[in-house]
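Each remark here refers to the structure printed beneath this line.
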Amino acid sequence: SRLPAIPEPFPRTFQVTTAETGKKEMSKNTANFVLRFSPGDPPLAAMAAASMSTGFRKKGVSGFSIRSVPDKTLAKGSILEARSTNLSLAMSGTIPIARCIARYSDSMNHSSIGGGKDPAVACEIERIIQFATNELKEEKLDVLKEHLVLLDAHMSYRSVMAGTWQLTIADGVVWETLTKNPDAIKIFSHKKKGLPNLMRWWNLVDSAPQFAQAKSFYKAKLAREMKSNTATKETKTKAKPEKTKKNAGEDAFNIPIQGAKKGQVVTRFPPEPSGYMHIGHAKAALLNDYFAKRWEGKCLLRFDDTNPAKEKQEYVDNIISDLKKLGVKHEPPTCTSDHFETILKYADVMLAEGKAYIDDTPQETMQKERKEGIESASRKLPYEEQKRRWVEMKKGTEYGLKLVMRAKIDMQHGNKCMRDPAMYRCKLEHHHKTGDKYKVYPTYDFACPIVDSVEGVTHALRTVEYKDREQQYNWFINALRIRKPAIWTYSRLNFQYTVLSKRKLKWFVDSKTVEGWNDPRFPTVQGVLRRGLTVAALREFVLSLGASQSENMMSWAKIWAINKKKIDPVAHRFLSISGSSYCKLKITNLATPRPTSIGGVDSIKVQLHPKYKEIGYKSMAVSENLLLDQEDLTRIKDGETVVLMRMGCCTINKIERDSEGKALSATGELALTLSPKDYKNRITWVASSNVPVTTVEFDQLMRKPKLEEGDEFKDWLTPTTRFETKLIGESALKSVKEGQIIQLERRGFFRCDSTWDSKNGLVLFDIPTGKAKSMSSFATKVEVKNN
């Protein structure tokens, strides 16, 4: 099957309008590829591949050339468009485009930028590309440095990344990845601790003419961004809490959707109610929601309830609740079970027309026959016997439970999904909606195309795991002679140190390894929201990924970094100290008359956020005896002036210490007339009236970034993933509500899981911020930052 076709096929001679000059240029038959890209997002590796291919074109050779064209109508990304005798395509993504260019160039221009005719070089190129798109995008600097050291060793006796002498798309992909990562460049270009082999290659590639065009467009992009940022700073008059952008990240979906017409697009989100929604489902839901809104159509919510053994009404209710939290607007929910009678009728028709049969082959034997392409003996049985067996299945008899309805397609088909797949199975479990009415249930593969067609779906968006089943989907559509929806495939969302299989997640719940489906260590929507992720950050992250077909292993650091930008401007600030190691500071000049800023009372009025008055104020308790972190007081000298955060300056007169020099207690005087800006030491404190606080940090459930085929996930569990720390917080924390996100100053951001007057006391969950420390395995307490 072809990739999405260009709406109007290219003529043999066509016009290209460059966005920057507006001039029209005529291209002859040889110009049969056009690389269109957003000026704000130039595809560096693809442009480099285009330049490499042009350099190898021989005089008199026709049939292949490529033109790179900036296109301001594209908000983001790039599209390679082609028209030749055998192919009409529109392809997006810089690496897939680079591969496509390399294959055409190698075959028609006799180049080797994709490995040419040498399979060893081609494999080496793919290995380097995979390394660049995974390891070289690592956000932890210490781990990134390890990967760069490996790459430096790889380049010890090489001039180019792969092969012997010629630049290939491997060089282009690595160059693009490093160009967009300033931290990586700093590491390998360091004067004393740099990586010489990698630096030698960098100097070669960075000055190569094949990379000149891509480099110039990238520099222009940076210049525009710098100019835009400068203009923004100049026009910004007052800082305000960040507001969620309505369409943040949505430009990533700027892809060609076949046959889309305004007001007529119908998408669907078809979850199986066998567990709670996880972050991968969130991507699917938001993707379908986005395209429905973009084309002024509608998004259907359909529960694929075809397996009664796994489904519960609890899951249905929570999926609907999670979609509401995500802001997904869908039509009233439907179920595949609403169409069971229709699907049964279609099954009867296929059986009567000889397009299906009832098989009694044991499961293990059936799997072996499908693998080896052997037809079942049941395939050729007469219709009357097939019909009799079908009745046995519908009744749920002992013999019926051994039977399976299979589509009669082709047992020797190269795509094993086409080797007579199952259509119906006999099950006696109670169905959450239809009860015990049915004894046979359709498979998802059979039911999905029927219900998509019946419910009016125009565009079925499916993850790449269903790519092989696309041929099967279309076969059922054609066999039943029903309306055919268009299919678009997008990549699954995968995270490091995370399992997204509902079967595995259910094991964590059933084994009591976690509290439940909303456990803050879980990748479920409810889990990440309970951990402290905001809906705005989750939506922006998912939309920023777009509808790409490229598979990537994502780092949690990115989503938490986005989240920090959302919560930092609005989180209320509070003070706290260690609950296990603290000292008493006696203020000697707090007696009557008290300083004017305190006003002779036991509290002071303080902004909830130091930058934004409009957020409000809190009443902060003060007392003659204050409690400070022992670690803070120990590093202070007698007579030193410090800043008591949110109160003012204080001179520490005398500190009592133990034999090891650790502070035990101190006396001091408030010096509120001094400016806090003149003193560096800022210290958190609480009054004698305070609140006990428990903070909780979580580690990843898995200790391996990516499970390989054959790995048993239970063998890679992190032994301890929950760490509690006791703190003492200021009395204003009594006002914090469950679910509220706050900042304990000098400690980090937290989400309140239970309030101070609840059974478990004030419990705060630590919210990661995307920094390397907070995303790695740890077993430490919540540390105080000395700033």
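The values are calculated or read from the model by the stated rules, or taken from the named source; none is laboratory data. Remember, it's a predicted structure, so these values are computed and weren't measured experimentally. When we count neighbours, we look across all protein chains shown, and the Cβ atoms used for this are built from the backbone with ideal geometry, even at glycine. Accessible surface areas use protein heavy atoms only, side chains included; no ligands, DNA or RNA. Shrake-Rupley method; radii C 1.70, N 1.55, O 1.52, S 1.80 Å.
The table below lists the values:
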read-out: Over segment 367-430: Kirkwood hydrodynamic radius from C-alpha pairwise inverse distances, Å; value: 12.7 Å
read-out: ³J(HN,Hα) computed for each position of segment 279-294 - Karplus, 6.51 cos²θ - 1.76 cosθ + 1.60, integer Hz, glycine/proline x; value: 5, x, 5, 4, 4, 4, 5, 5, 5, 5, 5, 4, 5, 5, 5, 4
read-out: Cα-based convex hull volume of segment 125-184 per residue, rounded to whole Å³; value: 71 Å³
read-out: Cα-based Kirkwood hydrodynamic radius, segment 654-734, one decimal, Å; value: 18.2 Å
read-out: Largest to smallest accessible area among Leu585, Leu707, Leu141 [probe 1.4 Å]; value: Leu141, Leu707, Leu585
read-out: Contour minus Cα-Cα distance for Gln471 and Glu724 (0.36 nm per residue); value: 85.9 nm
read-out: Leading residue at positive end of dipole, segment 650-719 (Cβ point charges), from Trp716, Thr651, Thr684; value: Thr651
read-out: Segment 614-768 - charge dipole about Cα centre, Lys and Arg +1 at Cβ, Asp and Glu -1, debye rounded to 20; value: 360 debye
read-out: Loop sites in segment 715-755: GluC sites (Glu not before Pro), DSSP, at most 14 other Cβ within 10 Å; value: Glu738
read-out: Area accessible to solvent at Phe340, 1.4 Å probe radius, in Å²; value: 0 Å²
read-out: For segment 332-400, convex hull volume per residue from C-alpha positions, Å³; value: 133 Å³
read-out: Segment 664-709: GluC sites (Glu not before Pro) in DSSP coil with no more than 11 other Cβ atoms inside 10 Å; value: Glu708, Glu709
read-out: Accessible area of Phe495 in the full protein assembly, 1.4 Å probe (Å², nearest 10); value: 0 Å²
read-out: Cβ-placed point charges (K, R +1; D, E -1), dipole of segment 279-345 about Cα centre in debye, nearest 20; value: 320 debye
read-out: Solvent-accessible surface (1.4 angstrom probe) belonging to Glu631, in square angstrom, nearest 10; value: 110 Å²
read-out: Accessible area (Å², per residue) of segment 730-774, counting only protein heavy atoms and a probe of 1.4 Å; value: 41 Å²
read-out: Accessible area of segment 608-651 divided out per residue, in Å², using a probe of 1.4 angstrom; value: 42 Å²
read-out: Relative contact order of segment 614-679, pairs being alpha-carbon contacts under 8 Å that are 6 or more residues apart, as %; value: 27 percent
read-out: Candidate aspartates and glutamates - alpha carbon under 12 Å from Lys355, same-chain residues fewer than 8 apart omitted; value: Asp410, Asp420
read-out: Sites matching chymotrypsin sites (Phe, Trp or Tyr not before Pro) across segment 498-559 that sit in DSSP coil, with at most 12 neighbouring C-beta atoms within 10 Å; value: none
read-out: Kirkwood Rh and Cα Rg combined as Rg over Rh, evaluated for segment 608-693; value: 0.99
read-out: Which of Tyr399, Tyr157, Tyr617, Tyr424 is most accessible, then next, and so on - probe 1.4 Å; value: Tyr157, Tyr617, Tyr399, Tyr424
read-out: Within straight-line cross-link reach of Lys565, aspartates and glutamates at Cα separation under 15 Å, skipping those fewer than 8 residues along the same chain; value: Glu242, Glu540
read-out: Part-to-part distance (alpha-carbon centres) for segment 450-499 and segment 709-776, which is given in Å; value: 40 Å
read-out: Net charge, Val454 excluded, C-beta distance under 12 Å - Lys, Arg +1, Asp, Glu -1; value: 0
read-out: Accessible surface, 1.4 Å probe, highest first, among residues Lys72, Lys180, Lys355; value: Lys72, Lys180, Lys355
read-out: Potential lengthening between Ala671 and Glu624 on full extension [0.36 nm per residue; Cα-Cα distance subtracted]; value: 15.5 nm
